[in-house]
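Report on the structure given below.
The values are calculated or read from the model by the stated rules, or taken from the named source; none is laboratory data. None of the values given here were measured: they were computed from a predicted structure. For neighbour counting, all protein chains shown are included, and Cβ atoms are generated from backbone atoms with ideal geometry for every residue, glycine included.
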Amino acid sequence: MDHGEPGRHDHKQAIESSPAIGDSLALFETGAADMTTTEASNRPLPDDRRFEAFYADRYQSMVGLAATMVDQRCEAEEIVQDALHRLWQRWDSVEEPAWYLRTMVVNACHDELRRRRVRRDAQRALLQRAQAEQDYLVDVLAGVNPRRREALVLRYYGGHTMTEVAAAMEIPTGTAKSLIHRGLADLRGALQQSA
């Protein structure tokens with residue numbers, strides 16, 4: 001056996017230790033993590049050096065574009081990384097990668113802005129409904145005897161115990177319980193009348 005001649009294992013190790021090829025293989029492996037073994041083995045590797053040069057040339061400008069649209073650098077970086085990953089998966093079949101990447105980034109930014117608008121509208125609707133319910137309850141509470149209303153507000157809005165309600169109103173605990181019990185009955189009656 002000739003020990004001076006490198007074996008197959010040595011060639012593989014030399015390829016994987018090459019910075020350009022090693023980084024590309026790592027990128028490919030992370031992208032292929034979601035695929036089955038068969039899908040990953042049937043996929044041809046893209047031209048790694050061209051993609052690396054394209055990545056280095058376009059990354060910062062695309063992050064700048066996305067950050068301008070979504071106003072958050074970390075969100076912009078995620079959008080660009082996702083777009084570059086999708087581009088990398090189609091690298092060999094895309095004729096104009098710069099246009100393709102820009103379109104994906106802009107579309108992803110529009111999607112993010114749309115999601116934000118939906119969340120904002122939902123939050124606004126919830127706040128409006130909560131405000132309307134609170135206004136309604138305030139109106140109904142206005143019809144309850146003032147002492148009973150005070151006890152109800154301390155107990156249920158203030159979150160105080162029965163003993164704390166009694167101390168705040170400077171009355172015995174039994175009287176506080178009675179005021180709350182009668183106040184709830186008044187409140188139920190007022191709610192039924194307004195319904």
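When the residues of segment 74-115 are filtered to those that are of a type in the set (Val, Ile, Thr) and touching a Phe, Trp or Tyr at 6+ places or on another chain (Cβ under 8 Å), the one that is surrounded by the most Cβ atoms within 10 Å (Cβ to Cβ) is 80. Quick test for you: out of 84, 101, 126, 154, pick the one residue that is of a type outside the set (Asp, Glu) and in contact with a His (Cβ under 6 Å, 6 or more places away or on another chain). Exactly one residue qualifies, and that residue is 154. Restricting 165, 153, 140, 94 to residues that are touching a Leu at 6+ places or on another chain (Cβ under 9 Å) and in contact (Cβ under 8 Å) with a residue 40 or more places away in the chain narrows the list to 140. Taken as a whole, the condition of being at pLDDT below 85, part of a helix (DSSP H, G or I) and within 23 Å of the chain's Cα centre (by Cα) does not apply to residue 65.
The numbered conditions (1) under 19 Å from the mean Cα position of the chain (by Cα); (2) within 15 Å of residue 58 (Cβ to Cβ) are all true for residue 101 except (1). The residues of segment 80-102 that are at pLDDT below 95 and among the β-branched types (Val, Ile, Thr) amount to a single one, 94.
Of the residues making up segment 148-191, just one is small (Gly, Ala, Ser) and at positive phi, namely 159. Of the residues 137, 184, 154, 113, the single one that is modelled with pLDDT under 85, among the hydrophobic types (A, V, I, L, M, F, W, C) and farther than 30 Å from residue 49 by Cβ is 137. Is it the case, given these coordinates, that residue 144 is surrounded by 10 or more Cβ atoms within 10 Å (Cβ to Cβ) and assigned to a helix (DSSP H, G or I)? No.
Only one entry in 178, 93 is more than 25 Å from residue 64 (Cα to Cα), out of contact with any Cys (no Cβ under 9 Å at 6 or more places or on another chain) and in the same structural domain as residue 65 (by TED's automatic domain parsing), namely 93. Among residues of segment 147-195 being within 41 Å of the chain's Cα centre (by Cα) and not in a helix (DSSP H, G or I), the one that is farthest from residue 133 (Cα to Cα) is 161. When residue 137 is tested against (1) surrounded by 12 or more Cβ atoms within 10 Å (Cβ to Cβ); (2) assigned to a loop (DSSP other than H, G, I, E, B), just one condition goes unmet, and that condition is (2). Considering the conditions (1) without any contact (Cβ under 8 Å) to a residue 24 or more places away in the chain; (2) farther than 30 Å from residue 70 by Cβ; (3) of a type outside the set (Phe, Trp, Tyr), residue 148 is excluded by exactly one of them, (1).
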